[in-house]
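The block underneath contains the structure these notes are about, expressed in structure tokens.
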Amino acid sequence: MVTLIRPDPAQIKAWLQDVPDPEIPVISVMDLGIVRDVSWRGDVLEIAVTPTYSGCPATSVIAMDIETALKQRGIDAVNIRTQLSPAWTTDWLTDGAKAKLEAYGIAPPRPAGGPAHCPHCKSKDVEKVSQFGSTPCKAQWRCQACLEPFDYFKCI
Amino acid sequence: MDPLFEFLLRQGDNTLVLGHRISEWCGKAPVLEEDIALANTALDLIGQTQMWLGYAAEVEGAGRTADDLAFLRDAWDFRNLLLLERPNGDFGHTMMRQFLFDAYQIQNLKALEASSDPRIAEIAVKSGKEATYHLDRSRDTVIALGDGTSESNARMQSALDALWPYAGEMFLADEIDQAMAADHIAPLPLEYRAPWEAAVLPALAAAALKVPQDDFAHQGGKTGRRHSEHLGHMLATMQVLQRSYPGATW
């Protein structure tokens, strides 16, 4: 008789800490706050994922990466469910994730609506170039002190 | 004809047709930042389309998917506003069309957040966050170009004059809208008119543009009764792959 081992959801969440965001690989899908629920439905592991932006092409890659990571841990029956509500907000980024973004050169989101300072030289003399950037979640800013352009993770 | 299915097609076809239209700018907008902004806005709109048409397909229950609805329907089955199928024209023209729609869409999505249909409410909340950014940008751009040089002002005025007769369709109601209002799924679109004007008129004044006085409104897009020839040309490009290689996937 085969006994199926069903790892604890807390253990699975710990494993998902190692699954990076495909666009911003310094943060994980857990850091991003998009994994909303992990639970067993019988012998199937159900994971609820919420999209950051509705058209973000990373969403389907993230689902694939989660499945692959769990297969490597021996879990084959995974059902990834898209959960729209409550809608994702940058408030769900962990503090650790914000520090990692900054170290990577992306200014983390702030409720004030703009970066605190340049992620490179830390100058507060920064200006917005465009509300839209290299991915749906980012805006383009520029530092007036070191003259470097940088990404700002915008609030939603 | 299920009124809910029709209503969802209208929502999804609006975002699909506008999303495709502005994606036509990809790689050839006037400056890099605007190119990126247009492509990102298109991406948001196509993402929202997946939610609206995905739900429409479920409601229909005929085994179709969002992709089937997007790629395998012909012009007469589309339910988008005529405004959104208008060709892009110049950059100013594109941004004027975007602004007139964004200012309407934000009212539409805000109202749908309170829909009696929970799925519609959650799509509206999700889309509304993105639409807020779209409106900020299209409003700022319309003001900057209108209140710019005499050349940019003249182009924005001609865009407004050309597009204004297509704005009225956004506020027209038919038996589908009546059915949605009766079920508290969505209010009658006429309710959006006052807040739309409260957002649009001051921005056009700040852009030094004269609002056309004629209230004539072209109609026939959201009902599907009479689309313009432009939609067929647009679909010919958008659907060519699925039409040439039915069922192709990657």
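The values are calculated or read from the model by the stated rules, or taken from the named source; none is laboratory data. What you see is a predicted model, and the numbers here were worked out from it, not measured in a lab. Neighbour counts are summed over all protein chains in view; Cβ atoms, including those assigned to glycine, are modelled from backbone coordinates with ideal geometry. Side chains included, ligands, DNA and RNA excluded: accessible areas come from the protein's heavy atoms. Shrake-Rupley method; radii C 1.70, N 1.55, O 1.52, S 1.80 Å.
Computed over the Cα atoms of chain B, what is the convex hull's projected area averaged over all directions, in nm²?
13.2 nm²
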Note to self: Please list A:H120, B:H20 from largest to smallest accessible area, probe radius 1.4 Å, with all protein chains kept in place.
What the structure shows: A:H120, B:H20
Item checked: Placed amide H near A:K154: partners under 5 Å, 5+ positions off or other chain -> A:K138, A:A139
Next item on the list: Would you kindly enumerate the cysteines in the protein assembly as shown that have no other Cys beta-carbon under 4.7 Å from their beta-carbon?
Entry: A:C56, A:C137, A:C155, B:C26
Check: For the protein assembly as shown, with every protein chain kept in place, what is the accessible area per residue (1.4 Å probe, Å²)?
Finding: 45 Å²
Check: In Å², rounded to the nearest 100, what is the total accessible surface buried by chains B and A against each other with a 1.4 Å probe?
Finding: 1800 Å²
Note to self: Using a loss threshold of 50 Å², tell me which positions in segment B:26-64 are less accessible in the complex than in their chain alone. Probe radius 1.4 Å, ligands and nucleic acids ignored.
What the structure shows: B:E33, B:N40, B:L43
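Treat every Asp and Glu Cβ in segment A:34-156 as -1 and every Lys and Arg Cβ as +1, leave all other atoms uncharged, and give the resulting dipole magnitude about the Cα centre to the nearest 20 debye.
Taking the Cα centre of segment A:34-156 as origin, the dipole is about 260 debye.
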Check: Relative to the first principal axis of the alpha-carbon coordinates of chain B, what is the inclination of helix B:229-238, with its axis defined by its Cα atoms, in degrees from 0 to 90 and to the nearest 10?
Finding: 70 degrees
Next item on the list: Starting from the Cα of A:K71, draw a straight line to each of the aspartates and glutamates and keep only those under 17 Å, dropping any in the same chain fewer than 8 residues away.
Entry: A:D8, A:D18, A:D43, A:E46
Note to self: Roughly how far apart, in whole Å, are the Cα centres of segment B:18-85 and segment B:113-130?
What the structure shows: 18 Å
Checklist line | Gained length - A:A10 relative to A:S134, 0.36 nm times residue gap less alpha-carbon distance | finding: 41.3 nm
Margin query: Only four residue types carry charge here, +1 at the Cβ of Lys and Arg and -1 at the Cβ of Asp and Glu. Report the dipole size of chain B about the Cα centre in Debye, rounded to the nearest 20.
Written below: 280 debye
Checklist line | chain B, helix-only ellipticity at 222 nm - DSSP H runs n ≥ 4, -39,500 (n - 2.57), divided by all residues, nearest 500 | finding: -21000 deg cm²/dmol
Notebook entry, point to check: Going by accessible area, probe 1.4 Å, with all protein chains left in place, what is the ranking of A:M64, B:M238, largest first?
Noted result: A:M64, B:M238
Margin query: Please give the Cα centre distance for segment B:137-215 versus segment A:1-65, rounded to the nearest Å.
Written below: 42 Å
Check: So which residues of segment A:53-92 lose at least 20 Å² of accessible area, probe 1.4 Å, when you go from the chain by itself to every protein chain present?
Finding: A:Y53, A:S54, A:G55, A:L84, A:S85, A:A87
Margin query: Please report the antiparallel percentage of the DSSP beta bridges confined to the protein assembly as shown, to the nearest 5.
Written below: 70 percent
Notebook entry, point to check: Once a ≥ b ≥ c are taken as the square roots of the eigenvalues of the Cα gyration tensor of the protein assembly as shown, is the result rounded (a/c under 1.5), prolate (a/b larger than b/c) or oblate (a/b not larger than b/c)?
Noted result: oblate
